[in-house]
Amino acid sequence: MLNGWKRTEVKRGVAWWVQPVSSSQSVKEYVCPGCGRTVDAGVAHIVAWRADGPLGDAADLASRRHWHTHCWRIG
């Protein structure tokens, strides 16, 4: 499902894994936690999840969220 280069970013003192999803790989709709609107299928976007969560890597990955790229940048 995920493509692009995974990287880490720090936002508000929290480390996040961030990975882009291309428009061709975006096949489902998601709700963006930044704006509450739908990330439509076919729209390139960002998937982000905690890199340093207290419950461990598996829990962090399970709680990943799909963001509009713009929403992630300004969030």
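Values in this text are rule-based calculations from the coordinates and carry no lab data. Not measured: the values here are computed from a predicted model. Cβ coordinates were reconstructed from backbone atoms using ideal geometry, including for glycine residues, and neighbour counts include every protein chain displayed.
What's the extension gain from Ser63 to Gln19 if we count 0.36 nm per residue and subtract their Cα-Cα distance?
On the way: separation 44, 0.36 × 44 = 15.84 nm, distance 1.40 nm.
Net length gain for the segment: 14.4 nm.
Count neighbours as other Cβ atoms within 10 Å of each site's Cβ, and list the chymotrypsin sites (Phe, Trp or Tyr not before Pro) in the chain that are DSSP loop with at most 15 such neighbours. Don't skip to the end; give the middle numbers.
Details: sites: Trp5, Trp16, Trp17, Tyr30, Trp49, Trp67, Trp72; in loops: Trp5.
For chymotrypsin sites (Phe, Trp or Tyr not before Pro) across the chain that sit outside H, G, I, E and B with at most 15 neighbouring Cβ atoms in 10 Å, the list reads Trp5.
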Ranking Ser26, Gly36, Leu55 by how far each Cα lies towards the positive end of the charge dipole of segment 7-74 (+1 on Lys and Arg Cβ, -1 on Asp and Glu Cβ), the top one is Gly36
Subtract the Cα-Cα distance of Ala41 and Ile74 from 0.36 nm times their separation in residues, and report this length gain in nm to one decimal.
9.7 nm
